[in-house]
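Worksheet for the structure shown next.
The values are calculated or read from the model by the stated rules, or taken from the named source; none is laboratory data. From a predicted model like this one, the values you see are computed outputs, not experimental measurements. Here Cβ is always computed from backbone atoms with ideal geometry, including for glycine, and neighbour counts include all displayed protein chains.
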Amino acid sequence: MRNTMRVIICMWEHEFFIEVGFQEPVIEIKRKIEQLLGVAIAAQSLTVSGIELLDGLDMEDYPIVTEGTKIDLTIKSMEPLVNQYCSCKIQIVVKFSARQHYIEVDKTETVRSLKEKIHIVDGTPIRRMSLFISGKEMEDDFRNLSEYGICEFSEIHVFLKNVNRMKDIEPTSKSLSLVVQTSSSLLDGASIPLEMIDSSTVNELRQLLLSRKVLPMDDYLFIHRQRIMRDNCSLRWHGVEDGDILYVFKGTIIRSES
């Protein structure tokens, strides 16, 4: 079994092929582009069908990227980027009881954004996280990190809420108005309005679309805020909120073997 694939990097009116590994980090692909084109990693933005490829993830986290996929390369303006990076980008230490992660954040990000990054890196459900800095809980999800005095190499401690306790205070289900956005190759990029209960699972969402014949019978992946959604987890678990957009692509998750 091949461990690599050829993808097409598209920049303005130019295209070129590049060989990437199924388990290759996105940041490594940007390094290859830097070597080929001389474009700084910090100035690169890679997207597939409007979904940005995040530096902290590997290619296998994006099963929408297959042999021959076109990846759009956008070059950001370097001067404002450098100024912003120098003034706002910092690295912090996120500590669990038995492990820790180094995560890059922007001081203007919110607590909620930090929780999403921790979820991407560690897999811990957002709703189970309680974040503390210097013994003080970061309670307000919508406050900026700078308001909590976070600076370079600040230590953020993550405590997990007790599952049994959470069941006792489980909020009642609420209705969500969503938009399911298909890729350009599926139904010509249709936007499908939908009403769902936030306790519904992703698999129930899929079955609803199939039963209504909104989507043709096939295998599909759903993506919310640049993260692949898990079939057996609820919309609430994924942090889906009223008015959010869910992206749907044909495909299944297949982990390549070394």
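For the range 35-61, the set of residues classified as among the β-branched types (Val, Ile, Thr) and touching an Asp or Glu at 6+ places or on another chain (Cβ under 6 Å) consists of ILE41, THR47, listed by residue number.
Summed over the range 29-47, the residues that are in a strand (DSSP E or B) and at pLDDT below 90 give a count of 2.
If we scan the range 48-67, do we find a residue that is at pLDDT below 80 and surrounded by 13 or more Cβ atoms within 10 Å (Cβ to Cβ)? Looking through the range 48-67, at least one residue is at pLDDT below 80 and surrounded by 13 or more Cβ atoms within 10 Å (Cβ to Cβ).
When residues in the range 102-161 are screened for being of a type in the set (Ser, Thr, Tyr), under 21 Å from GLY56 (Cβ atoms) and in a loop (DSSP other than H, G, I, E, B), 3 of them pass.
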